[in-house]
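Before we start, here is the structure in question, set down as structure tokens.
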Amino acid sequence: MLAAMRATLIINPFASGVTEEGLAAVERELRPSVELTVALTKRPQHATELARGVDGADRIYVFGGDGLLNEVLNGLGEDAVVGILPGGRTNVMARALGVPLDPAAAARALISAPLRRISLGRVNGRRFAFAAGIGFDAELVRRVDQHGRRSDGRRPGDLVFAWETAKLLTGWHGRRDPVLEIEGFGRAAFALVANGYPYSYAGRRPVRVASEARFELGLDLVAPQRLALQAIPRFVGYAFRGGADRAEDVFYGHNLDRIDVRCDRPLPLQADGEDLGDVETAAFEAQRDAVSILAPDAGTLTA
């Protein structure tokens, strides 16, 4: 008789979409197919510790947002198999991999989902799944985080994100001159680094700034050389329609193994929407063929 598949379910109980009812539904879907161990995170970086401590599990399911997935990926070895159960506000990786947004439906889909080997990014030693950035988007992440969490532990929603975006652009007085140097490219106003496609989501709309990025490849770079008031509508167009790869005033690098950035002054750095503090230098590296992931809609990785 074959032994049951063993799995660990790591949960962030404070994630925006995690509820007791949702957790119970996920467990009902998974337990008939796997021998399941459940672990709840209690503090920042706890998921990394939990992932490092997983012993002998055939699969690790992650129920929370992209921040929880980021922590888990920073504790995993190369033989791990990861399944994503969306429980956050944006759920970039789950949506990019075709995972249903309903937790119970996601659990059902992951039981029989095919495995795909994907690359991961790494910046200053910290792994990331889909995107990292220095400057504009990292500053925006910080501003949203400063709103704190609601009384139920949830993060602010899309309206706060949109409001802070508008305030940030207004604070720049419609202009941002080059403040960093990207080795091999030149000086830029900020830098976005994508490990896959899309870069993120704004509400239901995918952010398409790095339209050539793919999870099986290296890193893509998008870096406007400067940001002026009259150019803002065009850059917004790049975000939702693509085209930054063809712009003369935007540095675009595709399928790169390494991107080195030097800042004129300390600038905010983010990875998968997590604030990593201010840095004067950032080394982005591609970790190719890094992890196995359950992808119900595997075609989205290379489309």
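The values are calculated or read from the model by the stated rules, or taken from the named source; none is laboratory data. Since we're looking at a predicted model, the values are computed, not measured. Cβ sites come from the backbone with ideal geometry, for glycine too, and all protein chains shown count toward neighbours. Please note that ligands, DNA and RNA were not included when accessible areas were found on the heavy atoms of the full protein model with its side chains. Shrake-Rupley method; radii C 1.70, N 1.55, O 1.52, S 1.80 Å.
List every residue pair whose Cβ atoms lie under 7 Å apart, where the two residues are 6 or more positions apart in sequence or sit on different chains, the first residue falls within region 286-303 and is modelled with pLDDT of 55 or more, and the second residue, located anywhere, is among the polar types (S, T, N, Q) and buried (at least 17 other Cβ atoms within 10 Å of the Cβ).
Partner pairs satisfying both residue conditions: 286/119; 287/119; 288/119; 289/119; 290/119.
List the number of the failed condition for residue 72; all other conditions in (1) of a type outside the set (Ser, Thr, Tyr); (2) open to solvent by 20 Å² or more (accessible area, probe 1.4 Å); (3) within 27 Å of residue 288 (Cβ to Cβ) hold.
(2) is the only condition that residue 72 fails.
Hey, another quick one. Cβ contacts < 9 Å: first residue among the hydrophobic types (A, V, I, L, M, F, W, C), restricted to region 243-261; second residue open to solvent by 40 Å² or more (accessible area, probe 1.4 Å) and at pLDDT below 95, any location; separation 6+ or different chain. Result?
Here the result reads 244/208; 247/234; 250/225; 251/225, each pair linking region 243-261 to a residue that is open to solvent by 40 Å² or more (accessible area, probe 1.4 Å) and at pLDDT below 95.
I'm trying to understand the selection: among the residues of region 28-40, which are open to solvent by 40 Å² or more (accessible area, probe 1.4 Å) and either free of Cβ contacts under 8 Å to residues at least 24 places away in the same chain or part of a strand (DSSP E or B) (or both)?
Here is the first cut: in region 28-40, the residues open to solvent by 40 Å² or more (accessible area, probe 1.4 Å) are 28-29, 31-33, 35, 37-38, 40.
Matches in region 28-40: 31, 32, 35, 37, 38, 40.
Regarding residue 208, is this residue out of contact with any His (no Cβ under 7 Å at 6 or more places or on another chain), farther than 16 Å from residue 249 by Cα, without any contact (Cβ under 8 Å) to a residue 12 or more places away in the chain and open to solvent by 50 Å² or more (accessible area, probe 1.4 Å)? Break it down stepwise before answering.
Details: out of contact with any His (no Cβ under 7 Å at 6 or more places or on another chain): yes; farther than 16 Å from residue 249 by Cα: yes; without any contact (Cβ under 8 Å) to a residue 12 or more places away in the chain: no; open to solvent by 50 Å² or more (accessible area, probe 1.4 Å): yes.
So residue 208 fails the test.
Filter region 75-104 down to the residues that are among the hydrophobic types (A, V, I, L, M, F, W, C) and either in contact with a Cys (Cβ under 9 Å, 6 or more places away or on another chain) or farther than 21 Å from residue 37 by Cα (or both), then identify the one that is surrounded by the fewest Cβ atoms within 10 Å (Cβ to Cβ). Even if it seems obvious, please write down each step before you answer.
Restricting attention to region 75-104, the residues satisfying the condition of being among the hydrophobic types (A, V, I, L, M, F, W, C) are 76, 80-82, 84-85, 92-94, 96-97, 99, 101, 104.
With the extra rule that they be either in contact with a Cys (Cβ under 9 Å, 6 or more places away or on another chain) or farther than 21 Å from residue 37 by Cα (or both), the set shrinks to 92-94, 96-97, 99, 101.
Details: 92: 26, 93: 27, 94: 24, 96: 23, 97: 26, 99: 26, 101: 13.
Among those residues, the one meeting the criterion is 101.
Sort out which residues of region 231-254 are open to solvent by 40 Å² or more (accessible area, probe 1.4 Å), part of a helix (DSSP H, G or I) and out of contact with any strand residue (DSSP E or B) (no Cβ under 7 Å at 6 or more places or on another chain), and write them in order of number.
Matches in region 231-254: 233, 234, 236, 241, 246.
Quick one: how many residues across region 255-283 are among the acidic types (Asp, Glu), assigned to a strand (DSSP E or B) and farther than 11 Å from residue 134 by Cα? It would help to see each step written out before you state the result.
Let us first name the residues in region 255-283 that are among the acidic types (Asp, Glu), namely 257, 260, 264, 272, 274-275, 278, 280.
Imposing the further condition that a residue be assigned to a strand (DSSP E or B) reduces the set to 260, 264, 274-275, 278, 280.
So of that shortlist, the ones also farther than 11 Å from residue 134 by Cα come out as 260, 264, 274.
Of the residues in that region, 3 qualify.
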